[in-house]
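**Student:** This is the structure I have questions about; it appears just below.
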Amino acid sequence: MSAETTRPLLLIDVDGVLNPFRRPGPEWFRTKCSADGRSYNMLLNPAHGPKLLDLAATVGCDLVWATTWEHDANTEISPKIGLPELPVIEVDRDNRWRDRGVDVMFKTPHVADWVKGRPFVWLDDDLTDLDEAYLREHEGVGDFLVIHVDGQFGLTDGDLVEATVWLIEHGSPAGEQS
Ligand SMILES: [Mg+2]
């Protein structure tokens with residue numbers, strides 16, 4: 001496989017991760033972001049974009065949106081925190097409240113289908129053991145780590161360190177470590 005298809009991924013949620021449910025500190029600024037013609041009050045931290053880009057450069061991974069904001073994350077969130085346009089995992093957000101007959105979060109089957117065996121870390125505030133079990137049992141899902149971000153505080157430096165350590169250990173297939 002080419003390096004491009006084996007590069008590890010860092011999947012990023014917005015609400016509860018980049019946009020915590022309360023303001024953790026003065027670094028977070030209040031702003032409004034729009035999706036589907038609705039405006040939402042947001043709390044964003046301008047340091048998060050540079051920190052995520054630094055992490056991606058350090059470990060050699062690709063940043064990917066895994067959020068109900070879908071493509072709106074690239075137009076509404078990225079420019080405000082210094083991220084470039086990122087690939088988007090479409091999560092069928094319009095049907096997120098529908099009963100799908102499985103006890104996993106609505107994003108999880110879409111993530112499982114998208115990763116194609118690439119190792120990944122998933123930063124999300126809304127996943128449970130059931131999601132991790134679903135991923136482990138899903139054909140085409142390789143090594144992964146779910147980091148359960150606390151939605152009250154959002155993404156912390158500790159979460160980023162945990163992601164970095166795991167991606168360095170698991171990111172490169174055996175024999176490709178430099
Ligand atoms: Mg969330």
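The values are calculated or read from the model by the stated rules, or taken from the named source; none is laboratory data. Computed from a predicted structure; not experimentally measured. Methodologically, a virtual Cβ is constructed for each residue, glycine included, from the backbone with ideal geometry; neighbour enumeration extends over all protein chains shown. Protein only, heavy atoms only, side chains kept; ligands, DNA and RNA dropped before computing areas. Shrake-Rupley method; radii C 1.70, N 1.55, O 1.52, S 1.80 Å.
**Student:** When only DSSP loop residues count, what GluC sites (Glu not before Pro) in region 96-157 have their Cβ near at most 10 other Cβ atoms within 10 Å?
**Tutor:** GLU139
**Student:** Something else now. For region 40-51, in order, what is each residue's ³J(HN,Hα) by Karplus, 6.51 cos²θ - 1.76 cosθ + 1.60 with θ = phi - 60°, in whole Hz (x at glycine and Pro)?
**Tutor:** Result, ordered by residue: 10, 6, 10, 10, 10, 10, x, 7, 5, x, x, 5 Hz.
**Student:** Taking K and R as +1 and D and E as -1, what net charge do the other residues with C-beta under 11 Å from the C-beta of THR156 add up to?
**Tutor:** Result for the neighbourhood of THR156: -3.
**Student:** Where both residues lie in the chain, what percent of DSSP beta bridges are antiparallel, nearest 5?
**Tutor:** Restricted to the chain, the bridges split so that about 30 percent are antiparallel.
**Student:** Which of the lysines could be linked to LYS80 by a straight reach, that is with a Cα gap under 17 Å, when you skip same-chain ones fewer than 8 residues away?
**Tutor:** Output for LYS80: LYS32, LYS51.
**Student:** So how far, in whole Å, is the C-alpha centre of region 118-172 from the one of region 19-86?
**Tutor:** If you average the Cα positions of each part, the centres end up 18 Å apart.
**Student:** Please state the charge dipole magnitude for the chain, taken about the Cα centre, from unit charges on C-beta atoms (+1 on K and R, -1 on D and E), reported in debye and rounded to the nearest 20.
**Tutor:** Working: 16 positive and 32 negative charges, 123 e Å.
Here the size comes out at about 580 debye.
**Student:** Could you work out the relative contact order of the chain? I mean the mean sequence separation of Cα pairs under 8 Å and 6+ apart, divided by the number of residues, in percent.
**Tutor:** Relative contact order for the chain comes out at 30 percent.
**Student:** With unit charges on the beta carbons (Lys and Arg positive, Asp and Glu negative) and the dipole taken about the Cα centre of region 1-158, which residue among THR5, VAL102, PRO50 sits farthest to the positive side?
**Tutor:** Checked the options; the winner is PRO50.
**Student:** Here is a follow-up. So, R0 is 25 Å and r is the distance between the beta-carbons of ARG23 and HIS71; what FRET efficiency does that work out to, to 0.05? Can you show the working numbers first?
**Tutor:** Working: r = 27 Å, r/R0 = 1.07.
Efficiency computed from Cβ-Cβ geometry: 0.40.
**Student:** With a 10 Å radius around each residue's Cβ, average the other Cβ atoms per peptide and rank 51-57, 165-171, 90-96, highest first.
**Tutor:** Numbers: 51-57: 15.9, 165-171: 17.6, 90-96: 13.9.
Highest-to-lowest ranking by the protection proxy: 165-171, 51-57, 90-96.
**Student:** Over region 48-151, what is the relative contact order in whole percent, taking alpha-carbon pairs under 8 Å and six or more residues apart?
**Tutor:** 22
**Student:** Let me ask something else. With the contact rule set at Cα under 8 Å and sequence spacing of 6 or more, what percent relative contact order holds for region 51-92?
**Tutor:** 42
**Student:** Residue-wise, which Karplus ³J(HN,Hα) couplings in Hz belong to region 9-22, taking 6.51 cos²θ - 1.76 cosθ + 1.60, θ = phi - 60°, and x for glycine or proline?
**Tutor:** After applying 6.51 cos²θ - 1.76 cosθ + 1.60, I find 10, 10, 8, 10, 8, 9, 5, x, 10, 7, 10, x, 7, 9 Hz.
**Student:** Just the number please: accessible area per residue for the chain, 1.4 Å probe, all protein chains included, in Å².
**Tutor:** Here the per-residue accessible area is 51 Å².
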